[in-house]
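*Asks:* Dropping a structure here in structure tokens format, bear with me for questions.
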């Protein structure tokens, strides 16, 4: 048995009841949701997916994923209508949080702003003259 066959066989062998295989399959089905070509078909697909994942025979992780899909149903299928995400906004939030995390107690908004601009790679070098070291 070569490495690829072993790797593909792991989910089946990982647990006595096949929970890893079931969870892996549920993850694959969830990813396929974004390949659905139309808004109407996406609605049907996610509704069936949510209903199927609620079945008590699935592992708890799959049922939890089903509940998450149910909570986010409208937002997920909205992607099929607009083909946009809030990724750019989340990216900026992530950037601001990373800057804050490494700021080591900076309290000046002006310094925080300069640091964020530098970290983002779009510095306004004219602001550098406004910074006065203590």
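No lab work stands behind these numbers, since they all come straight from the coordinates. Bear in mind the structure is a predicted one, so any value in this text is a computation, not a measurement. Glycine gets a Cβ as well: all are built from the backbone with ideal geometry, and neighbour counts include every protein chain shown.
*Asks:* Using a Förster distance of 22 angstrom, determine the FRET efficiency expected from the C-beta separation of residue 44 and residue 85, and round it to 0.05.
*Replies:* Result of the calculation: an efficiency of 0.50.
*Asks:* Distance from a point 7 Å along Cα→Cβ of residue 32 to each backbone N in the range 40-76: keep the residues under 11 Å and list them by number.
*Replies:* Inside the label zone: 49.
*Asks:* Using a 7 Å offset from the Cα along the Cα-to-Cβ direction at both residue 129 and residue 74, what is the distance between the two label points in nm, to one decimal?
*Replies:* 5.1 nm
*Asks:* How would 50, 77 line up from fewest to most surrounding beta-carbon atoms within 10 angstrom?
*Replies:* 50, 77
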